[in-house]
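Read the structure below first, then the notes.
The values are calculated or read from the model by the stated rules, or taken from the named source; none is laboratory data. Remember, it's a predicted structure, so these values are computed and weren't measured experimentally. Positions of Cβ are generated from backbone atoms using ideal geometry, with glycine treated the same way; all protein chains shown enter the neighbour counts.
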Amino acid sequence: MLDTPESAILRRFVTPQRLARMEGVLAQRTRYITVAVEDLFQPHNGSAVLRSCDAFGVQDVHIVENRNPWRVNPGVELGTAQWLSINRYRNPRIEPEGSPVVGPVEQTELCLTELRRRGYRIVATTPHREGNSPHRIDLEGGPMALLFGTEKEGLTETALAAADEYLAIPMVGFVESLNISVSAAVTLHTLSARLRESTLPWGLSEGEQQELFTAWLRRDVKHAEEILKRG
């Protein structure tokens, strides 16, 4: 991977082992699959989703905050957010520690518009619509944005109505569905494994890797901005 001017300077302040780790992770990152979560309430669930995205190589996460503010549990997230590209769609009426806002779902609509602009087909995860399982959904249909809903109610009707496809994890017990964070982990594990076994162009481009590598070094190196100013 070719360096940017900034990464050429900053890499001198990182151990060879750390650099190799960053480059190895970048080689496994994908934007063929992205994740969008709608109005999660429990910090541990949102944090677990971030951790699963990092673990299975999904670079981009879209966070919709119509009613509930997004909060992170550091003990669950374990610093993985710093390696992800997080896009937030936040209702300005939400207070960071306030009660949920009851109102429209404009932020969901903004998120869906942005996902389509980026070329994604919308795949809503729900046990209430007939659709595919993670093992059967067609990967060759193009990049997919997986939508996950809030803990109790699931996705809003706005999200469900806008979906191109539906996805559910088959259940053989009495329970109807899994917890949101577990659902995300199971789905991403299956889809990412299938993707890497395919011949699809799932990896990041050279330019995307360079951009992320530079951003990661800026976060990882102490006083990075001062170092860059000195050249």
Inset, instruction - For Val49, indicate whether it is assigned to a helix (DSSP H, G or I), touching a residue at least 12 places away in the same chain (Cβ under 8 Å), closer than 15 Å to Thr125 by Cβ and under 8 Å from the mean Cα position of the chain (by Cα). - result: yes
Inset, instruction - Under 9 Å between Cβ atoms, at least 6 apart or on separate chains: pull out the pairs that start in the stretch 67-86 with a residue that is of a type in the set (Val, Ile, Thr) and end on any residue that is at pLDDT below 85 and surrounded by fewer than 15 Cβ atoms within 10 Å (Cβ to Cβ). - result: none
Inset, instruction - Say whether the condition of being within 15 Å of the chain's Cα centre (by Cα) and farther than 17 Å from Glu38 by Cβ is met by at least one residue in the stretch 125-144. - result: yes
Inset, instruction - Taking Glu226 as meeting all but one of (1) touching a strand residue (DSSP E or B) at 6+ places or on another chain (Cβ under 9 Å); (2) under 23 Å from Trp83 (Cα atoms), write down the number of the exception. - result: (1)
Legend entry - Enumeration of residues in the stretch 30-64 that are among the charged types (D, E, K, R), within 20 Å of Arg118 (Cα to Cα) and crowded, with 21+ Cβ neighbours inside 10 Å: Glu38
Inset, instruction - Collect the residues in the stretch 183-208 that are assigned to a helix (DSSP H, G or I) and over 18 Å from the mean Cα position of the chain (by Cα), keeping them in residue-number order. - result: Glu197, Glu206, Gly207
Inset, instruction - Identify the single condition in (1) among the small types (Gly, Ala, Ser); (2) within 20 Å of the chain's Cα centre (by Cα); (3) over 25 Å from Gly57 (Cα atoms) that Ala224 does not satisfy, given that it satisfies every other one. - result: (2)
Inset, instruction - Could you tell me whether Glu77 is of a type in the set (D, E, K, R), assigned by TED's automatic domain parsing to the domain that holds Leu188 and more than 10 Å from the chain's Cα centre (by Cα)? - result: yes
Inset, instruction - Mind telling me which of the residues Ala36, Ala48 ends up being assigned by TED's automatic domain parsing to the domain that holds Pro143, among the hydrophobic types (A, V, I, L, M, F, W, C), closer than 30 Å to Leu178 by Cβ and touching a His at 6+ places or on another chain (Cβ under 6 Å)? - result: Ala36
Inset, instruction - Evaluate the following for Thr190: is it touching a Leu at 6+ places or on another chain (Cβ under 7 Å), of a type in the set (Ser, Thr, Tyr) and closer than 21 Å to Cys53 by Cβ? - result: no
